[in-house]
Amino acid sequence: MDRNIEHYFYRKENFLDEKYCSDCIDELQENDWGKHEWYLPNTDLYDVPQGNHEPEVIGKETFSDNVKEINDFIVGELHSTILQYISNLDFNWFVGWKGYCPIKFIRYHPGQKMQNHCDHISSLFDDGRGIPILSIIGLLNDDYEGGDFIMFDDKKIETKKGDLMIFPSNFLYPHEITPVTKGVRYSFVSWAW
């Protein structure tokens, strides 16, 4: 077992092709967006911090039919990529997962960011499935400035349109998105359990 935690971070280039990413953004722009909320485990409540620094999201509750089709396509494509990630680890005791959440799409306008956090949150699965084991983040565009994906305290992870990242959903993998300074950043997230 590799003791370097960066070993368990995986980036798949061109997970989605550029045209599909552009088509997704066109469809997403027609959907209703809401403000990102943070789950507060101490109080078992959700909170939207004051100010306009939080990005906008589309969750399964507000999917249009076209966005549901995008979700279903991406979720279908995730299977082989997650299997590749797990196979590369070559652990005989970690050979699969049970499923993943519907996609959450995230849009960042200038000045918006995602604060440093980890994804070890049971509220993702309110029906008792437990906690996520893998975090999945995809990028739908790269024609913006700022909005850097940061992990391991200060390491900028280079990403481009269509890339996908997978890493463990626990306290060892805090991550953040720095403020977008120009343009609009589109991404998506899911979690496997």
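For the range 138-193, what is the charge dipole size about the Cα centre, in debye to the nearest 20, if Lys and Arg each add +1 at the Cβ and Asp and Glu each add -1 at the Cβ?
The calculation lands at about 120 debye.
Sort 145, 77 so the one with the fewest other Cβ atoms within 10 Å of its own Cβ comes first.
The most exposed by this proxy come first: 145, 77.
Calculate one ³J(HN,Hα) per residue across the range 137-143 by plugging θ = phi - 60° into the Karplus curve 6.51 cos²θ - 1.76 cosθ + 1.60, and present them in order as whole Hz with x for glycine and proline.
Along the range 137-143, the couplings run 10, x, 10, 9, 8, 9, 9 Hz.
In what sequence do 95, 75, 67 fall when counting other Cβ within 10 Å, fewest first?
Final ranking by Cβ density, sparse to dense: 95, 75, 67.
Name the shape class, rounded, prolate or oblate, that the alpha-carbon gyration tensor gives for the chain, where a ≥ b ≥ c are the square roots of its eigenvalues, rounded holds for a/c under 1.5, and otherwise prolate holds if a/b is larger than b/c and oblate otherwise.
Because its axes are fairly even, with a/c under 1.5, the chain counts as rounded.
Compute, for the chain, the length of the dipole vector about the Cα centre, with Cβ point charges of +1 (Lys, Arg) and -1 (Asp, Glu) only. Units Debye, rounded to 20.
The dipole of the chain has a size of about 400 debye.
For every helix of n ≥ 4 consecutive DSSP H residues, a contribution of -39,500 (n - 2.57) applies; sum these over the chain, divide by its total residues, and give [θ] at 222 nm rounded to the nearest 500 deg cm²/dmol.
Here the helix-only value at 222 nm equals -6500 deg cm²/dmol.
For the pairs 19/161; 35/160; 98/155; 60/161; 161/182, flag any whose C-alpha to C-alpha distance is greater than 19 Å.
Over 19 Å Cα-Cα: 35/160; 98/155; 60/161.
Could you point to the residue in 183, 164, 117 farthest towards the positive end of the range 75-193's charge dipole, with +1 and -1 charges on the Cβ of Lys/Arg and Asp/Glu respectively?
183
HN-Hα J couplings of the range 16-26 from phi, Karplus 6.51/-1.76/1.60, θ = phi - 60°, integer Hz, Gly and Pro as x?
So the J values, rounded to whole Hz, are 10, 6, 4, 5, 4, 4, 5, 4, 4, 4, 4.
For 1, 151, what's the fewest-to-most ordering of other Cβ within 10 Å of each Cβ?
Fewest-to-most ranking of 1, 151: 1, 151.
Each value in this text was obtained by applying a stated rule to the coordinates, not by laboratory testing. Computed from a predicted model, the values in this text were never measured in an experiment. Ideal geometry is used to build each Cβ from the backbone, glycine not excepted, and the neighbour counts take in all protein chains shown.
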